[in-house]
Amino acid sequence: MIRSSTTLKTGLATLALGLFASGAAFAQANPDLTGTVAFLMPDQGSTRYEQHDFPGFKAEMEKICPKCTVIYQNADADASQQQQQFNSVISQGAKVIVLDPVDSTAAASLVRLAESQEVKVIAYDRPIPSVPAAYYVSFDNTAIGKSITDSLTAHLKAKNVPTAEGGLLQINGSPTDAAAGLIRDGIHTGLKESGYKTLSEYDTPEWAPPKAQEWASGQITRFGQDIKGIVAANDGTAGGAIAALKAAGVDPLPPVTGNDATIAGLQLIIAGDQYNTISKPSEIVAAAAARVAVELLEGKTPAAKTTLYDTPSELFVPVVITAENLKAEIIDKKINTAAELCTGRYAEGCKTLGIQ
């Protein structure tokens with residue numbers, strides 16, 4: 001049984017067949033397992049939670065625990081609202097809560113509350129550094145930051161952009177998001193190794209694209225042609241930076257990174273406005289979280305693939321997407337279809353990239 005506060009987009013991206021192999025084994029071993037699991041997401045600023053994360057979690061739970069009840073809530077970037085939702089799902093009998101925190105620091109009190117009531121918390125996507133959760137499932141956020149930076153700086157070097165001339169803008173994610181901090185750390189490492197300097201750096205409140213755009217606009221006025229590239233931590237902040245560049249009449253655009261492989265971000269790559277993004281099909285992480293949740297319901301201790309912040313963890317490897325491999329990694333793997341991406345002004349770019 002699924003209880004949700006949000007209408008879901010129908011249809012999931014097709015994932016590798018092996019992804020759900022262990023899920024099938026769970027379903028056979030536990031046909032009568034029952035229990036309530038909550039899936040609490042942080043915001044609606046990104047479309048991923050409604051379009052990918054929860055559908056992926058829901059689909060896996062239906063396979064491995066068909067008699068379980070799943071409650072879904074989205075806090076809409078409000079930490080107080082998330083706390084109320086957390087309290088509510090405990091009162092509804094949730095024994096496992098998958099939590100992507102609005103505020104990673106404030107979430108520590110939620111973990112302590114859950115522990116006091118024998119409820120297990122799985123930190124999801126964003127870690128909870130100060131208090132160990134029962135488990136943490138995510139893509140490797142530090143690797144994401146370094147990967148997008150390495151990709152960008154390698155491109156600059158291939159274009160013979162001197163490291164001694166100008167520099168890069170760095171647009172990070174929300175200061176209350178520990179995952180954003182890990183991405184930022186990866187960016188710092190990549191830039192340090194590259195030899196390119198950071199002109200200016202910004203932590204984007206709530207990952208809000210308009211705030212990233214406003215900040216980038218001021219930096220364009222400040223640094224002008226010295227801006228050789230922009231390392232943006234996700235596709236939303238990248239889109240804000242690109243909008244600022246276009247509003248300022250910058251031509252050609254410097255390369256801009258992204259992350260999440262959103263439809264908007266992929267279309268900007270197709271158009272030649274954004275340089276890269278990260279493909280991390282959220283269904284993969286969501287399915288892993290579902291499998292951990294079922295193990296916890298069974299009273300088992302899920303095996304740790306690694307450890308982060310003293311929490312047993314599983315971290316998945318991200319894939320960098322540029323115009324060169326977008327077709328192979330996105331279209332051919334059926335993460336998105338040509339019909340979804342090649343609309344309106346993007347049709348010509350799709351033809352150029354061989355996307356039909």
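Being acidic (Asp, Glu) and under 21 Å from the mean Cα position of the chain (by Cα) is the requirement here; does residue 226 meet it? Against the criterion (acidic (Asp, Glu) and under 21 Å from the mean Cα position of the chain (by Cα)), residue 226 does not qualify.
Comparison of 247, 238 shows that the only residue that is of a type in the set (A, V, I, L, M, F, W, C) and surrounded by 17 or more Cβ atoms within 10 Å (Cβ to Cβ) is 238.
Across region 142-151, a minimum of one residue is classified as in a helix (DSSP H, G or I) and of a type in the set (Lys, Arg). Here residue 260 passes the criteria (1) charged (D, E, K, R); (2) buried (at least 16 other Cβ atoms within 10 Å of the Cβ); (3) in contact (Cβ under 8 Å) with a residue 60 or more places away in the chain; (4) under 30 Å from residue 35 (Cβ atoms) except the one numbered (4). A single entry from 247, 293, 287, 303 fulfils the requirement of being more than 21 Å from the chain's Cα centre (by Cα), at pLDDT 95 or above and closer than 30 Å to residue 40 by Cβ: 303. Scanning region 267-284 for residues that are outside any helix (DSSP H, G or I) and either in contact (Cβ under 8 Å) with a residue 40 or more places away in the chain or over 18 Å from the mean Cα position of the chain (by Cα) (or both) returns 272, 273, 275, 276, 277, 278, 279, 280, 281.
Taken residue by residue, region 281-291 has no member that is charged (D, E, K, R), farther than 27 Å from residue 50 by Cβ and either touching a helix residue (DSSP H, G or I) at 6+ places or on another chain (Cβ under 8 Å) or surrounded by fewer than 22 Cβ atoms within 10 Å (Cβ to Cβ) (or both). Can you say whether residue 208 is outside the structural domain of residue 54 (by TED's automatic domain parsing), within 19 Å of the chain's Cα centre (by Cα), at negative phi and touching a residue at least 60 places away in the same chain (Cβ under 8 Å), as far as the supplied structure shows? Yes, satisfied. Among the residues of region 46-65, those identified as more than 27 Å from residue 240 (Cα to Cα) and among the acidic types (Asp, Glu) are 60, 62. Considering region 70-108, the residues that are at negative phi and acidic (Asp, Glu) include one that is surrounded by the fewest Cβ atoms within 10 Å (Cβ to Cβ), namely 78. Within the group 178, 134, which residue is under 19 Å from residue 282 (Cα atoms), touching a residue at least 12 places away in the same chain (Cβ under 8 Å) and aliphatic (A, V, I, L, M)? Result of the check over 178, 134: 178. Applying the criterion of being over 20 Å from the mean Cα position of the chain (by Cα) and surrounded by fewer than 13 Cβ atoms within 10 Å (Cβ to Cβ) to the residues of region 306-336, the residue that is farthest from residue 141 (Cα to Cα) is 332. Total residues in region 307-356 satisfying the condition of being free of Cβ contacts under 8 Å to residues at least 24 places away in the same chain and aliphatic (A, V, I, L, M): the figure is 4.
The values are calculated or read from the model by the stated rules, or taken from the named source; none is laboratory data. A quick note: this is a predicted structure, and the numbers were derived from the prediction, not measured. No Cβ is skipped: glycine too gets one built from the backbone with ideal geometry, and neighbour counts run over all protein chains shown.
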